[in-house]
Amino acid sequence: MRFRFLRSVLVLTVVVAGAMAYPTIAWATPEVVDSIVASAIIAIVNVTIGLVALEWAIDKANAPFMYVVFGGMGVRMGLILVALTVLLLNGYHALSLALSLMGFYVVYTIAEIVYVLRELDKRPSRRSSPRRSVDSLSPRTIAVNQYYRR
C-alpha cells in the first residue's frame, strides 16, 4: 500500500488545524469546538476509507475502478449521514457541525481528486476497444472501407 496520500492527508489536517486553531480557541464556545473536532474526525475517517478503496482499485481496469470510486462515495456519504444524525441527536451544535464538515469534506475531496489524477497518469494507457491493424484486414474489407470513405 502506498502512503503518499495518507501523508498528504496528515499534512492537510495539520495545516487546516493550524489555520483554524486561533479563531476557534479565541471566539468559539466549547460546544462549537466539540462540533468542529467531531466533524474533523468524521472527515478523516471518511478520507481514510476512501484511501483504502482507492489503493485497492487504482491498478484495476476502468470498470471496477469506477464501481469502487462511485459506489464507495455513496457508501461513505451514507456513513457521514448516519454519523451526522447521531451527533445532532446527541446535542452537538448543528451549524458549526455542518459547516465545518462541509469545509473538511471539500478540502479532503480536492486532495483525493488530485491523488487519483496523479495515480491515473502513472497507469499504463489502455484502450477500451483496440483497433485492428490494417495488416490483419482482408483485401475485401480494405476495398469496402476505401469505397465508403470517398
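The values are calculated or read from the model by the stated rules, or taken from the named source; none is laboratory data. What you see is a predicted model, and the numbers here were worked out from it, not measured in a lab. Glycine also receives a Cβ, built like all others from the backbone with ideal geometry; neighbour counts cover every protein chain displayed.
I'd like to know if the stretch 83-90 contains one or more residues that are closer than 23 Å to Ser8 by Cα, over 10 Å from the mean Cα position of the chain (by Cα) and surrounded by fewer than 15 Cβ atoms within 10 Å (Cβ to Cβ). No: the stretch 83-90 contains no residue that is closer than 23 Å to Ser8 by Cα, over 10 Å from the mean Cα position of the chain (by Cα) and surrounded by fewer than 15 Cβ atoms within 10 Å (Cβ to Cβ). Among the candidates Val75, Val14, Val68, Val45, the residue that is aliphatic (A, V, I, L, M), over 13 Å from the mean Cα position of the chain (by Cα) and at pLDDT 90 or above is uniquely Val14.
Residues to consider are Leu79, Leu101; find the one that is assigned to a helix (DSSP H, G or I) and buried (at least 16 other Cβ atoms within 10 Å of the Cβ).
Leu101
I'd like the residue in the stretch 50-76 that is touching a Phe, Trp or Tyr at 6+ places or on another chain (Cβ under 9 Å) and part of a helix (DSSP H, G or I) and, out of all such residues, is farthest from Tyr115 (Cα to Cα). Applying the filter and picking the extreme gives Val68.
Please go through the stretch 52-76 and pick out each residue that is of a type in the set (Asp, Glu) and surrounded by 13 or more Cβ atoms within 10 Å (Cβ to Cβ). Glu55, the sole residue that qualifies. Only one entry in Val32, Val37, Val15 is in contact (Cβ under 8 Å) with a residue 24 or more places away in the chain, part of a helix (DSSP H, G or I) and among the hydrophobic types (A, V, I, L, M, F, W, C), namely Val32.
A Cβ distance below 8 Å, combined with a sequence gap of six or more or placement on separate chains, defines the contacts here; from the stretch 98-118, residues that are over 13 Å from Thr48 (Cα atoms) reach residues that are outside any helix (DSSP H, G or I) and not hydroxyl-bearing (Ser, Thr, Tyr) in the pairs Val116/Ile58. Does Asp121 satisfy being loosely packed, with under 10 Cβ neighbours inside 10 Å, modelled with pLDDT under 95, under 23 Å from the mean Cα position of the chain (by Cα) and farther than 27 Å from Ala19 by Cα? Spelling it out, Asp121 is indeed loosely packed, with under 10 Cβ neighbours inside 10 Å, modelled with pLDDT under 95, under 23 Å from the mean Cα position of the chain (by Cα) and farther than 27 Å from Ala19 by Cα.
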